[in-house]
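Taking it in order: structure first as structure tokens, then the write-up.
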Amino acid sequence: MQNSEIKTTCSYCGVGCGIIVTNDSKNGVTVTGDKNHPVNKGMLCSKGMNLHYVVNDTSDRILYPEMRWSKSHPMERVSWDTALERAAAVFTSIIKKHGPDSVGFYISGQCLTEEYYLVNKLVKGFLKTNNIDTNSRLCMSSAVVGYKKTFGEDAVPIAYDDIELADTFLITGANPAWCHPILFRRIEQHKEKNPKVKIIVIDPRKTDSALNADLHLQIIPGTDIILYHALAKRLIEQGYADTDFIKNHTENFKLYKDLVLASSLEKASKLCGIPVNDIKLAADIIGKAKGFLSLWAMGLNQSAIGVDKNTALLNLSLLTGQVGKPGSGPFSLTGQPNAMGGREVGGMANLLAVHKELNNPVHRKEVADFWGVEDISEKPGLTATEMFDALESGKMKAIWVICTNPLVSLPDSRRVEKALSNAKFVVVQEISHNADTSKFADLLLPAAGWLEKEGTMTNSERRISYLPKGINAPGEALPDVEILTRFAKKMNFSGFNFNTTEDIYKEYCLMTKNTSIDISFLNYNRLKNEGTFQWPVPDYGHPGTPRLFTDKKFYTPSQKAIFNLPTAIENTSEQPSNQFPFILTTGRIRDQWHTMTKTGKVSRLMTHIPSPMLEINPIDAYKAAIKSGDIVVVTSKNGTVRVKAKVSDSIREGVLFLPMHWGKQLENDLNRTNNLTNTVVDPTSKEPDFKFTTVSVAKY
Ligand code: SF4
């Protein structure tokens, strides 16, 4: 591409901002916000604004396939044919000896929809195992189950344009000011123009989002459900329940009402660490709202009771009838750019494409027939953490990792290290040598990155966008779909005769016909010429669907939304003890992305927070004689981290915060945050509990 301009979408978070890329032979790639894009209207956050540095700096890129012939051999450069023939030979031999479930694929919410679809077809349809999961398991799997239990399907009901129509925002377990900045900027602008708009934030930390709130409920971690029930009790007692909506469009209200009315505001206040008057005030603001939007992210999802937290929050929207109408609805914020696209094509171990379920024999048959294969295994696949457990125990022998860095991002990093060391064969398909997991690869496959390949993504509001190829990938790097297609052919699998990426998309679109996510009338031409679309798009002239459930008909058998009761009200994670008296919660910082393989190489982004710091409350710091800047040792039952302390009253007493981004030994005496985190997962969503690990802290 010479001196040209193309429109594309940011590769970082699930907001999905439109970007205009200019490329010239002198300056390389530069980026600006797309003023005409419906999501960001020209705005970009610090990460998006600096995306061109990541593209232009190819110094860390993997340029050609590398392989070692055995664990004792060094890595050496090989041709693509040699690399993929070896992969096919090793996978065939392991499957022959140990069965299809002895191999697995661990992929990413950054994969494009075509990649996600293709690799799921390859693994579930042809390798005959359901051992394919994604790092989205660590991000939104609790929200997926919550939506399914409440609405009957994994369906985000809102559009971003509901922001400007809402008058009350409940932001809970999320810090969009840092993690979804452009959406938060839209909320701020809306409030600037309409000062009566109210923002309530529920968070154990005084985040930038909380500092902009009218009311901050600084909750004790893990007590969210207790708080939501107290809010519901107050809403019912003050007459704010929408009785018509509840009567005509919901099920199970009586049991829910009995449960929440039996709760006590005083008891909730004590357990949650929030004054009774603040609980009453929050409920009264929600009750009076004309348009009530709830927004949440990892604070709810990454929990041992993540699904219950989700359904308890969704119940508040049902109770107040705030679904399917302008400016209202529950809105889960997705962390990754295409976590939603992955959900659509069945990108997880328990799902099939087009919102079909693996545990449903009719659905399995429909998908098998569509792919022209005999069947799909009924055995549930291993989820993210389960796959690494299976590698560690030797049940699984080989893993293929695509576009993710589990050594830094999964909980209990030492266990992941052991799992990868124990694996017989590790394939890492990556763009960067900076990904720590690549050190464990027996086969390293260079992948094309953002702008170096074409495909589609879906953002948090179900908006599908087309991302064109703008530049060539460096060296011999190939688009992921091409790598996977070539591998499938080496395995002699039929069903992979795609000439273009568009052919893959066409196959997937056809599969959506007559489903709730029907995009069978969408294609690359429409996306290129008409712009982005929110699914479903069930007709040629259809403009897309900004808001779901406007007819109050849900995807459940009765077409009614369901009030779900939690299986556990209080957090089931290990509670603080004399040995480990603090609750460690982890999260993102403003200018870094995941494990920093991209943002970590942009010097501008390193200036905001150049190194990780442990946030500790002044009272806790005083008791432990810790001052800001001291090196402290944080210990859990899984491991240790040495890090600088930051004494700050932005964190609750008894709670500590560490950013999740940094890997091992990037600076002297720093370690991975996930050395500490526990391996507890939600029993249904299997999402890990990154927000609640008990630890001790002492000055080094
Ligand atoms: Fe990219 Fe998200 Fe920032 Fe938008 S808000 S520019 S999508 S990182």
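Details
- Of the criteria (1) within 30 Å of MET660 (Cβ to Cβ); (2) within 23 Å of the chain's Cα centre (by Cα), which one GLU357 fails: (1)
- From the list ASP375, ASP369, the lone residue that is of a type in the set (D, E, K, R), surrounded by fewer than 19 Cβ atoms within 10 Å (Cβ to Cβ) and farther than 20 Å from LYS96 by Cβ is ASP369.
- In region 284-344, counting only helices (runs of 4 or more DSSP H) that sit wholly within it, the ones holding 2 or more residues that are outside the structural domain of ALA230 (by TED's automatic domain parsing) span 339-344.
- Residues being touching a residue at least 12 places away in the same chain (Cβ under 8 Å) and out of contact with any helix residue (DSSP H, G or I) (no Cβ under 9 Å at 6 or more places or on another chain) - total across region 611-631: 14
- Across region 258-283, the number of residues qualifying as in a loop (DSSP other than H, G, I, E, B) and in contact with a Ser or Thr (Cβ under 8 Å, 6 or more places away or on another chain) comes to 2.
- Of the helices (runs of 4 or more DSSP H) entirely within region 180-257, those holding at least 1 residues that are in the same structural domain as SER269 (by TED's automatic domain parsing) and within 16 Å of the ligand (Cβ to nearest atom) occupy 181-193, 208-211.
- Matching option when the condition is in contact with a helix residue (DSSP H, G or I) (Cβ under 6 Å, 6 or more places away or on another chain) and within 16 Å of the ligand (Cβ to nearest atom), among THR404, THR456, THR437: THR456
- For region 482-517, the set of residues classified as within 20 Å of MET340 (Cβ to Cβ) and open to solvent by less than 10 Å² (accessible area, probe 1.4 Å) consists of ILE504, TYR505, TYR508, CYS509, THR512, ILE517, listed by residue number.
- Residue within region 166-177 that is within 16 Å of the ligand (Cβ to nearest atom) and either without any contact (Cβ under 8 Å) to a residue 12 or more places away in the chain or surrounded by fewer than 24 Cβ atoms within 10 Å (Cβ to Cβ) (or both) present: yes
- Any hit, region 620-628, residues being out of contact with any Asp or Glu (no Cβ under 6 Å at 6 or more places or on another chain), open to solvent by 20 Å² or more (accessible area, probe 1.4 Å), among the basic types (Lys, Arg) and farther than 17 Å from VAL416 by Cα: yes
- Considering only residues in region 41-72 that are in contact (Cβ under 8 Å) with a residue 24 or more places away in the chain, within 16 Å of the ligand (Cβ to nearest atom) and in a loop (DSSP other than H, G, I, E, B), the one that is surrounded by the fewest Cβ atoms within 10 Å (Cβ to Cβ) turns out to be ASN50.
- Within region 17-40, the set of residues being in contact with a helix residue (DSSP H, G or I) (Cβ under 9 Å, 6 or more places away or on another chain), within 14 Å of the ligand (Cβ to nearest atom) and not polar (S, T, N, Q) comprises CYS17, ILE19, VAL21, VAL31, GLY33, PRO38, VAL39.
The values are calculated or read from the model by the stated rules, or taken from the named source; none is laboratory data. Predicted, not measured: the structure shown is a model, and the values here were computed from it. When we count neighbours, we look across all protein chains shown, and the Cβ atoms used for this are built from the backbone with ideal geometry, even at glycine. We work out accessible area using only protein heavy atoms, side chains counted, and drop any ligands, DNA or RNA first. Shrake-Rupley method; radii C 1.70, N 1.55, O 1.52, S 1.80 Å.
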